[in-house]
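Enquirer: Submitted below is the structure of interest, expressed as structure tokens.
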Amino acid sequence: MSTTTLPTSAPGRTPAPSPVRAGEGRIGLRANLRHIGALVRRNALQIKQDPESMFDVLLMPVIFTLLFVYVFGGSVGASLGGSRDAYVNYVIPGLMAMMGMNIAMAVGTGMNDDFRKGVMDRFRTMPIARSSVLIAKIVVEIGRMLVATAILLGMGFLLGLEIKTSVLELAGAVGLSLAFGASLMWIFILLGLTMKTAQAVQGVAMLVLMPLQFGSSIFAPPSTMPGWLQTFTDYNPLSNLADAARGLINGGPVAHSVWVTLAWAAGITVVTAPLAVAKFRKKS
């Protein structure tokens, strides 16, 4: 007669990780939210212990605002029928879209680095939902994105940004940028889990970021571009986000751009989030 024995560990040896993956689906919503909260707190404390990790969030909005306003503001502002002040109201809403994409790229490199250090291996031995680890990271990065957006708007106000609609619509522009940025984080998390090194993640991300950012309406009106580039710009999700934020801040029709941006955000999340969670489970 055969008997089934439970695995035990010898004294002084580390117990083998329990097979929690099979029971992951039985974790309730309340427990899942509690795990996400604990992991958010852990990630926030990590930022507190390493304040240099906030340099990109604090300095990037300042540098980009000054660079584009004072380098391109005169010429592009004139094409808009005004001066540098007119360009401030054009480029600041566009830069809100750019902030989200650049911070999302940092999520992928950070995820890759955490795996290299063995941090994620520790999390995968715990009886928690695998998605909670990734969601907690996104929540913290959304907080970082909100800080970057606040600094960006502060710089814009110093340079003459005017809110021609209302505070509520300004909040809508910020919320739309955060929602789209959060969806992009799933792409870069998947990339960080797929590539072997953080440098590779950054290199591939830049190949994607540069055409999307500069082939959009973020920095200049598409009407000044050649026809083939205008076509690319029309289908570029960053253009729709920039146009939506611009309309919510400066006034004008926004319904089409808002719904297209939300559709992009939902589609990206639906496709890449399950792939990222599955890759997180299987990554060795």
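The values are calculated or read from the model by the stated rules, or taken from the named source; none is laboratory data. Note that the structure is a prediction, hence the values are computed from the model and not measured. With ideal geometry, Cβ positions are generated from the backbone for all residues, glycine too; neighbour counts draw on all protein chains shown. In case anyone asks, the SASA skips ligands and DNA or RNA and just uses the protein heavy atoms, side chains included. Shrake-Rupley method; radii C 1.70, N 1.55, O 1.52, S 1.80 Å.
Enquirer: May I ask you to list the residues in region 164-215 that are outside any helix (DSSP H, G or I) and more than 21 Å from Pro237 (Cβ to Cβ)?
Expert: Lys164, Thr165, Ser166, Met195, Lys196, Thr197
Enquirer: How do the pairs read when you match residues in region 110-126 that are under 18 Å from Lys196 (Cβ atoms) and assigned to a helix (DSSP H, G or I) with residues anywhere that are acidic (Asp, Glu) and open to solvent by less than 40 Å² (accessible area, probe 1.4 Å), using Cβ under 8 Å and keeping only pairs 6 or more apart or on different chains?
Expert: Between residues of region 110-126 that are under 18 Å from Lys196 (Cβ atoms) and assigned to a helix (DSSP H, G or I) and residues that are acidic (Asp, Glu) and open to solvent by less than 40 Å² (accessible area, probe 1.4 Å), the close pairs are Met120/Asp114.
Enquirer: Moving to a separate point now. Could we say that Val254 is closer than 30 Å to Lys283 by Cα and of a type outside the set (Ser, Thr, Tyr) here?
Expert: Working: closer than 30 Å to Lys283 by Cα: no; of a type outside the set (Ser, Thr, Tyr): yes.
The answer is no for Val254.
Enquirer: Right, something else. Only helices (runs of 4 or more DSSP H) wholly contained in region 217-284 count here; list those with 2 or more residues that are more than 28 Å from Gly73 (Cβ to Cβ) and touching a Ser or Thr at 6+ places or on another chain (Cβ under 7 Å).
Expert: Values: elements: 227-235, 237-250, 255-282.
Filter on region 217-284 gives 255-282.
Enquirer: How do the pairs read when you match residues in region 239-263 that are in contact (Cβ under 8 Å) with a residue 40 or more places away in the chain and on the phi > 0 side of the Ramachandran plot with residues anywhere that are open to solvent by 10 Å² or more (accessible area, probe 1.4 Å) and not in a helix (DSSP H, G or I), using Cβ under 7 Å and keeping only pairs 6 or more apart or on different chains?
Expert: Going by the 7 Å Cβ cut-off, the qualifying pairs are Gly251/Lys164; Gly251/Thr165.
Enquirer: Criterion first (modelled with pLDDT under 90 and buried (at least 18 other Cβ atoms within 10 Å of the Cβ)) does Ser131 satisfy it?
Expert: It is true that Ser131 is modelled with pLDDT under 90 and buried (at least 18 other Cβ atoms within 10 Å of the Cβ).
Enquirer: Kindly provide the set of residues from region 160-173 that are over 9 Å from Leu248 (Cβ atoms) and crowded, with 17+ Cβ neighbours inside 10 Å, ordered by number.
Expert: Once the filter is applied, which keeps residues that are over 9 Å from Leu248 (Cβ atoms) and crowded, with 17+ Cβ neighbours inside 10 Å, region 160-173 yields Leu161, Ile163.
Enquirer: While we're here: Pick from region 110-127 the residues that are aliphatic (A, V, I, L, M) and open to solvent by less than 20 Å² (accessible area, probe 1.4 Å): which of them is modelled with the highest pLDDT?
Expert: Looking at the filtered set, the residue picked out is Met111.
Enquirer: Does Ser223 satisfy the condition of being farther than 26 Å from Met120 by Cα, of a type in the set (Gly, Ala, Ser) and at pLDDT below 90?
Expert: Details: farther than 26 Å from Met120 by Cα: yes; of a type in the set (Gly, Ala, Ser): yes; at pLDDT below 90: yes.
For Ser223, the condition - farther than 26 Å from Met120 by Cα, of a type in the set (Gly, Ala, Ser) and at pLDDT below 90 - is met.
Enquirer: Kindly indicate whether any position in region 75-88 is within 24 Å of the chain's Cα centre (by Cα) and assigned to a helix (DSSP H, G or I). Reasoning before the result, please.
Expert: Kept after step one, since they are within 24 Å of the chain's Cα centre (by Cα), are these residues of region 75-88: 88.
If we keep only those that are assigned to a helix (DSSP H, G or I) as well, we get 88.
Scanning region 75-88, I find at least one residue that is within 24 Å of the chain's Cα centre (by Cα) and assigned to a helix (DSSP H, G or I), so the answer is yes.
Enquirer: Another question, if that's okay. Based on what the data block shows, is Ser223 open to solvent by 60 Å² or more (accessible area, probe 1.4 Å) and either farther than 18 Å from Leu191 by Cα or out of contact with any helix residue (DSSP H, G or I) (no Cβ under 9 Å at 6 or more places or on another chain) (or both)?
Expert: yes
Enquirer: Something else about it: Could you pull out the residue among Leu184, Leu190, Leu212 that is closer than 26 Å to Val254 by Cα and touching a Leu at 6+ places or on another chain (Cβ under 7 Å)?
Expert: Details: Leu184 fails: touching a Leu at 6+ places or on another chain (Cβ under 7 Å); Leu190 fails: closer than 26 Å to Val254 by Cα.
One residue alone meets the criteria, Leu212.
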